[in-house]
Amino acid sequence: MNFALMVARLRIGGRLMMSLAAASAAFAILCANPAARAASVEPLEIATKSGVRVFSVEMATTEDEKTQGLMYRKELPDGKGMLFDFSPEQQISMWMKNTYISLDMIFIRADGRILRIAENTEPLSTRIISSGGLAKGVLEVIAGTAQKYGIQPGDRVAHPLFNKR
């Protein structure tokens, strides 16, 4: 049942009477839609040879958030991304299953240095994309971002997730 129909059925005598059960049902409907969920958004900076680049990143910290990632998205604006927290530092494997947009995956060590970049990943692929070493986080941004801004392994990422050394 859609939300408008539910509200219409609860309207009695010109006044809106919404029970706790109806409010809970409406909340459940909204939460069932992955696009309706909002992860926390934080700034992240990458210091490159050509300057500092600032991104606005959604945080993926829970197992559900990390599993969902950027799946089913049809677009990702330049300057936006998702930062996956894989604490503690470990070997990380990603894939592009149910991901419709090509991404650059930036694997980041615990000290904030970029370990590896998987550029222009193939949408919908189940091919495993490895960190190639120990990493604490993965930043996913729209494909072409690393080349566009000159982001390279060894560049430093500034974000509270990574220790400053």
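Every number here is computed from the coordinates shown, using simple stated rules; none is lab data. The structure presented is a predicted model; accordingly, all values stated were derived computationally and were not measured. Quick reminder, even Gly has a Cβ in these numbers, built from the backbone with ideal geometry, and neighbours come from all protein chains shown.
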Taking the mean number of other Cβ atoms within 10 Å as a proxy for protection, how do you rank 88-95, 134-141, 112-119, 151-158 from highest to lowest? 134-141, 112-119, 151-158, 88-95
How long is the gain from VAL54 to ARG127 if the chain were fully straight, where each residue apart is worth 0.36 nm and the alpha carbon distance is subtracted? 23.3 nm
Could you calculate the contour length gain from THR61 to LEU134, that is, 0.36 nm times the residue separation minus the distance between their Cα atoms, to one decimal place in nm? 24.5 nm
Amide H partners (placed H, <5 Å) of ARG116, local residues excluded: PHE107
If amide H atoms are modeled at 1.01 Å from N in the peptide plane, then the residues at a separation of 5 or more from GLY133, or on another chain, having amide H under 5 Å from its own are ILE92
I need the shape label for segment 88-144. Rule: rounded when a/c is under 1.5, else prolate if a/b > b/c, else oblate, with a, b, c from the alpha carbon gyration tensor. prolate
Using θ = phi - 60° and the Karplus curve 6.51 cos²θ - 1.76 cosθ + 1.60, what whole-Hz ³J(HN,Hα) does each residue of segment 146-155 get, with Gly and Pro shown as x? 4, 5, 4, 9, x, 6, 9, x, x, 5
Amide H contacts under 5 Å for ALA60, placed H, 5+ residues apart: LEU83, PHE84, ASP85
Can you compute 3J(HN,Hα) from phi for each residue in segment 52-60, using the Karplus curve 6.51 cos²θ - 1.76 cosθ + 1.60 with θ = phi - 60°, rounded to whole Hz and x for Gly and Pro? 9, 10, 10, 10, 9, 10, 7, 8, 10
